Structures are given as C-alpha cells and as structure tokens.
Amino acid sequence: MPPLTILLLVLCAGMGLSVEAGLLGPLGEQVGHLSATLSIFLVGGLLLSLAMVFSRGVSLGTLFRQPRWQLIGGLLGPIYVVVLTVTTPLVGVGITMVGILFGQVGASLVIDHFGWLGSERRAIDGYRVGALVLILAALWLIH
C-alpha cells in the first residue's frame, strides 16, 4: 500500500475517533457510560462478524493459538471507550482527543524505542521528543 494511502487511512481513523468521542459523551450521559460503551462494542462486533462471514481465509483457530498477551488489546479497548465516554462531556472533544494523543505518542515512542510488543526498534531522538512536547503544548493551549 502506498505511504500516502496509509497516511490518509490513519488520518481518517483519527477523525473517526473524534466523532466517536463526540457521540459517546452525550450517549453515556443519557444511557450510562457502561451502556454506551457496550453499544459501541455490540455494533462493532456485529459488523466485524458480518465482515468475517464474507471474508476469505479467516481462521479463528489461528487467533486462539497466539500468545495470550497479544489479546490484551481486548481489555484496553473497553477501558479506552469508557474513558472517552466519561471525559468528553466534562472537558470536550478537543481536550479529550489531544490528551489521548499525547498518551498515545508518549507510549508509542517508548514501545518503538525498546522494540516492545513485536515492533521494530526506532530510537527516540530529538525530533520525536520535540513532537511530543508540541502535543503537550497543544494540550495546554486548548485547555
């Protein structure tokens, strides 16, 4: 896949997360934070199930033969969505998203630097730290 296409997909996914936060905040206040989170995962699970039915070469058996630590994302996803649901009405979509971005980039730099979780090692350098500092500045300015 061409790098520009990958970048566009990533940007669209980021925009989707902001829309999701904007939808989840009010929904969580109306039906409860856990109910709103469950609704997101039920709809997503249904869509993924349908996609798997029509996909070729899908093997759930292979999934369950992987190391169990790789399934931790299944625990982190709902926690992330509950945090979105709770915090967005309190501080707004902008602060929530930039705060999450700061946490994501900070953790990513450490994961890349040490090559954790099967990623290729990419050393933390001044540019990457500078980018993280700029995101922190953005968070401060938005707040």
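The values are calculated or read from the model by the stated rules, or taken from the named source; none is laboratory data. Remember, it's a predicted structure, so these values are computed and weren't measured experimentally. Positions of Cβ are generated from backbone atoms using ideal geometry, with glycine treated the same way; all protein chains shown enter the neighbour counts. Only protein heavy atoms, including side chains, enter the accessible area calculation; ligands, DNA and RNA are left aside. Shrake-Rupley method; radii C 1.70, N 1.55, O 1.52, S 1.80 Å.
Based on this model, can you work out whether Gly25 counts as more than 24 Å from Leu139 (Cβ to Cβ) and open to solvent by less than 40 Å² (accessible area, probe 1.4 Å)?
Working: more than 24 Å from Leu139 (Cβ to Cβ): no; open to solvent by less than 40 Å² (accessible area, probe 1.4 Å): yes.
Considered against the rule, which asks whether it is more than 24 Å from Leu139 (Cβ to Cβ) and open to solvent by less than 40 Å² (accessible area, probe 1.4 Å), Gly25 comes out as no.
Looking at Ile124, Ile135, Ile111, can you tell me which residue is within 18 Å of the chain's Cα centre (by Cα), surrounded by 10 or more Cβ atoms within 10 Å (Cβ to Cβ), at pLDDT 95 or above and more than 23 Å from Gly16 (Cα to Cα)? Step through it out loud before you land on a result.
On the way: Ile124 fails: within 18 Å of the chain's Cα centre (by Cα); Ile135 fails: more than 23 Å from Gly16 (Cα to Cα).
Going through Ile124, Ile135, Ile111 in turn, just one is within 18 Å of the chain's Cα centre (by Cα), surrounded by 10 or more Cβ atoms within 10 Å (Cβ to Cβ), at pLDDT 95 or above and more than 23 Å from Gly16 (Cα to Cα): Ile111.
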Within segment 28-42, of all residues that are aliphatic (A, V, I, L, M) and open to solvent by less than 90 Å² (accessible area, probe 1.4 Å), the one nearest to Trp116 (Cα to Cα) is Ile40
Touching a residue at least 60 places away in the same chain (Cβ under 8 Å) and of a type outside the set (Ser, Thr, Tyr): is that true of Pro78 in this structure?
no
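Name the residue, out of Val98, Val81, Val105, Val86, that is open to solvent by 40 Å² or more (accessible area, probe 1.4 Å), of a type outside the set (Asp, Glu) and within 30 Å of Glu29 (Cβ to Cβ). I'd like the intermediate steps shown before the answer.
On the way: Val98 fails: open to solvent by 40 Å² or more (accessible area, probe 1.4 Å); Val81 fails: open to solvent by 40 Å² or more (accessible area, probe 1.4 Å); Val105 fails: open to solvent by 40 Å² or more (accessible area, probe 1.4 Å).
Testing whether each residue is open to solvent by 40 Å² or more (accessible area, probe 1.4 Å), of a type outside the set (Asp, Glu) and within 30 Å of Glu29 (Cβ to Cβ) leaves just Val86.
Is it true that Gln66 is exposed (fewer than 12 other Cβ atoms within 10 Å of the Cβ), free of Cβ contacts under 8 Å to residues at least 12 places away in the same chain and of a type outside the set (Val, Ile, Thr)?
On the way: exposed (fewer than 12 other Cβ atoms within 10 Å of the Cβ): yes; free of Cβ contacts under 8 Å to residues at least 12 places away in the same chain: yes; of a type outside the set (Val, Ile, Thr): yes.
Here the answer is yes, as Gln66 does meet what is asked.
Being closer than 19 Å to Gly16 by Cα and not polar (S, T, N, Q) is true for just one of Ile100, Ile142. Which residue is that? Before the answer, list the steps.
Details: Ile142 fails: closer than 19 Å to Gly16 by Cα.
Sole residue among the options that is closer than 19 Å to Gly16 by Cα and not polar (S, T, N, Q): Ile100.
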List the pairs whose first member sits in segment 110-129 and is over 18 Å from Ile72 (Cβ atoms), whose second member is part of a helix (DSSP H, G or I) and aliphatic (A, V, I, L, M), and whose Cβ atoms are under 7 Å apart, counting only residues at least 6 apart or on separate chains?
Ile124/Leu109; Arg128/Leu109
